[in-house]
Structure formats: C-alpha cells, structure tokens
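What follows is a single structure, written as structure tokens, with notes after it.
The values are calculated or read from the model by the stated rules, or taken from the named source; none is laboratory data. As the structure is a computational prediction, the values presented were derived from the model and not from experiment. No Cβ is skipped: glycine too gets one built from the backbone with ideal geometry, and neighbour counts run over all protein chains shown.
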Amino acid sequence: MYSFLKTGHTGAIIKKSGFFTVFLFICTPAFSEPLEKLALRLQHGLADYPNIKIAVLEFPYINGRQSDGPAVVQERLTTLFAKNKKITLIERNLLQKVAGELKLQISGAMDETSTRKMGKLLGAEAVLTGTLNDVSDKEVEVNARVLIVQTAKIVSAEKMTFKKTWKDTPSPRNTALPNAAALISRLDKSEKHAFKTVNFKSGKIQRTYFKDKTVIAVEIIGKNGALLKRTGKLPDGFYAEYYGDGTLKAEKTLIKSKEYGPLKTYFPGGMLQNEAYYTAGKLDGSVKIYNENGKPLFEQDFKNGIPDGYLKEYDVNGSVKSETFYKAGHIAAAPVESAAAKNITVKSIKLARGSEFSFYEERTYLCKILLGNGLSILSQAGACPGGIARAYSKEGKLEKEFVFIDNGLSALKIFNEDGTVTAEKNYAADN
C-alpha cells in the first residue's frame, strides 16, 4: 500500500531546517512518512550535540512477543538517522559483536544501567531505544526515546502510530511439555551409559556414546551448538562422561535423544564446574558456572531456550558485580521486590491433582494458583503484584520461591532443607 502527497507527481520536495536537511519523497511506503516525522522530532533533541555518535537498537514489543516488527523499525530509523550528516551511526555488525560479548540481545527494552554499559562498550554517546505496541491488527504504536549514555538523560521522547508493513505469524498455542522430573522418574535406573567428548580446532565437537564398551551412537555438533549429524540410536537413560582416572566429568539424562533435567560438569578434583537445566533439549531454568574453588562466576535464567530472568556475573569472591534482567529474550526492567512483596504470605493446600497456593498481603487476599503434580498451572485467579513471594516451612526454612511478572506466575523454585534448589519451573508468558 502506498500514500501520495499529490497524485500524478513523481518529484521530491527538499526542505531545509537549520540543523537538518529533510528529503520527503512523494511515493513512499505507508509507514515512511510517520517514521520520518518521528525521526525528525527525535533528532531535534540532539541539536545541542553536534557530530554525536548514536546506536539504534531494536524496538521490541512490550509483551516480549516475537515479530519482524522490531527489526523493521530499527532498520528504517537507522536509515533515516543516517541521512543526517551531523550524526554518526554505530554499525549494526558492531552492535551484534558487543551484544554477543555481553551475552545480551540487541533490544530497546533496556534499563539505565544496561544502556549505559552497552553504550560505553560501543563507544556511543547516545542510544535510540523504544518499544512497539499493537493498537489494532493493522496499526502499531511506537514509543521512542534518545538517551545520552554518560548522563542517562533522555533528551527526546516521542510516540507515534502507523500502519504495519509486516505480517506476524500467529503465536502457536502453548502446549505444556511433560515435567522433566516426572519423565526422569519413570526411567529404568539401570539404563546407564557413557559418552566421550572430543573438541576439534574448528570448533566442532564429536560425542561418542557407549553401552558398556560398545559404541551405540556418534554425534557431530557445530561450533554454534547445532547438531550436524548423528549415527546410531540413543536409548532413554542416564549418561556420564569420565576423566582418564575414572572420576566423573559430566552427567546428563536423555529422553528421545534430547536433554531433560539437570546437566552437570565437574573439575578433575570433583568440584562442580557447570550446571544447567533442560526440557526437551532446550535450556529451561538456571545455568550456573563456578570456579575451581566453588565460587560462582556466572548465572543466567532461561525459558524454552531463550534468556528469561536474571543474568548475573560474579567477582572472584563470589559477590554479584553485574545484574541484568531479561524477559522473552530481551532486556527489560527487573521486577521490584518491594516492601509489600516481602510481606506476602503463602498458604498451601495439598490436593489429589496437585497443590493450591493462596497469597496474602498482611491478611488481604491477593491471588490463588493451582499447580498440578508436574508443576504445570491448572488454574490461576486474582492478581499478584510483580515481585517475589517465598513459602517457608514451620521451622522457618525456605521451601518455595514464586516470581510474579505482570500479575502472573513467571517462575518457581523448590528448595531442599539444606537450601539447594531441587526443581525449577519457568512458565511461558501468556500472549
């Protein structure tokens, strides 16, 4: 679809406005003119910053859903900003490189700390960020702002609605996967196998699987982690890898040739090196990395293979040195554990089909959640505020930790008496 300023004309209008030279083309895509206006308004806030270097990030949907829209808007605004010769744009390949080094997604939904950190590493003096929100099936609202990296000052902010030029594939219905713990509990405990890993200089990995001393399967993994080839068959069961002296190096569980439950690796001395949690071959819980002294180095939460939750990096003493929150693969504002959230109490009732949890602030009812025996959400009523609620035993020991985002249950952790996590469950966002 196209819009025309004047039917039958094919020229161009050139308008000079002090700091900027604006090109308005007669025949343009339907969303071009609104975005051109948006770009101009945003650039007016940079009038006091000549020759500024700026990074244009993706504009994610506020509900975190996947779409071509964030990249389309980013590319269009990048092109429009590039027309202003008094602005220097950060190249997209550099954006991707720095984002990879930070283990981040190139997302506009960034908090102040993350924005400044990324901006400094990019050498950017300003960052253009924003979000998208559909107001109808055919129209989208974009909220954009330009932030100065050094001061975190927002120098311009604009909102505009325009017609979408992309078609979004309807989100697949959320079909709950069987709980990993339940599937693992059904396995034959005697189904134990071994495997050996060989790392090649090319970055590829070869894994050879054994039953007793007989090779039963071989896998070739690409340097990006994707399975390139598999020969043989991997029976459901427990798999372990050993060092040359026979000490445990790694352990995991495979069901239908995919990882389920915890995957752990160990240092030669037996100390835990890495631990991750999987569902159907995808990261689904916390990934933790430790040093040889048992101190944490890195931790990140995943949901269905996508970063969702906290990314934490630790110093040599095991203290958190940086923390970033993700929602559906994009950096987002972290849920605030307010004073009210700390006063939330949890009451539980054991039922035949699961457990019912009721949440109260002081003595005021907030919400109720019914979880099945596999920890899936069977029903949910009421609205709990964003934050964290914890359930304790009669002895005062932490048993469960509930994380709420957007009035719904986002994650659940279950703890042993010694405080270690025995199970984790991340719940897909209700789009």
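Just to check your reading of the model, which residue among Thr231, Thr197 is at negative phi, of a type in the set (Ser, Thr, Tyr), in the same structural domain as Pro296 (by TED's automatic domain parsing) and loosely packed, with under 12 Cβ neighbours inside 10 Å? When all the criteria are applied, what remains is Thr231.
Step by step: first the residues of region 341-381, then only those that are at positive phi and in a loop (DSSP other than H, G, I, E, B), then the one that is modelled with the highest pLDDT. Which residue is that?
Among those residues, the one meeting the criterion is Leu375.
Among the residues making up region 214-226, those that are more than 13 Å from Gly203 (Cα to Cα) and surrounded by 12 or more Cβ atoms within 10 Å (Cβ to Cβ) are Val215, Ile216, Ala217, Val218, Glu219.
Against the condition of a type in the set (A, V, I, L, M, F, W, C), crowded, with 16+ Cβ neighbours inside 10 Å, closer than 13 Å to His193 by Cβ and in contact (Cβ under 8 Å) with a residue 12 or more places away in the chain, how does Leu254 come out, does it pass? So Leu254 passes the test. Note on region 280-296: residues that are aliphatic (A, V, I, L, M) and surrounded by fewer than 17 Cβ atoms within 10 Å (Cβ to Cβ) amount to 1. Within region 280-309, the set of residues being of a type in the set (Ser, Thr, Tyr) and over 16 Å from the mean Cα position of the chain (by Cα) comprises Tyr290 only.
The selection criterion, being part of a strand (DSSP E or B) and either over 17 Å from Ser257 (Cα atoms) or in contact with a helix residue (DSSP H, G or I) (Cβ under 6 Å, 6 or more places away or on another chain) (or both), does not hold for Val215. Flag not set for Lys249, criterion: assigned to a loop (DSSP other than H, G, I, E, B), among the charged types (D, E, K, R) and out of contact with any Leu (no Cβ under 9 Å at 6 or more places or on another chain). Within region 326-340, being surrounded by fewer than 20 Cβ atoms within 10 Å (Cβ to Cβ) and either assigned to a helix (DSSP H, G or I) or modelled with pLDDT of 70 or more (or both) holds for Gly329, Ala333, Ala334, Ala339, Ala340. Counting just the residues of region 341-383 that are over 30 Å from Ile184 (Cβ atoms) and under 24 Å from the mean Cα position of the chain (by Cα), which one comes out surrounded by the fewest Cβ atoms within 10 Å (Cβ to Cβ)? Per the stated criteria, the residue is Ala383.
Answer yes or no as to whether Gly269 is closer than 29 Å to Glu424 by Cα and outside any strand (DSSP E or B).
Details: closer than 29 Å to Glu424 by Cα: yes; outside any strand (DSSP E or B): yes.
Yes, satisfied.
Residues that are crowded, with 20+ Cβ neighbours inside 10 Å and modelled with pLDDT of 85 or more number at least 2 in the following helices (runs of 4 or more DSSP H) confined to region 33-151: 69-82. Residues in region 184-243 that are charged (D, E, K, R), under 30 Å from Ala423 (Cβ atoms) and touching a Ser or Thr at 6+ places or on another chain (Cβ under 9 Å): Lys196, Arg207, Glu219, Arg230, Lys233, Asp236, Glu241. Note on region 278-292: residues that are touching a Leu at 6+ places or on another chain (Cβ under 9 Å) and either assigned to a strand (DSSP E or B) or of a type in the set (S, T, N, Q) (or both) amount to 6.
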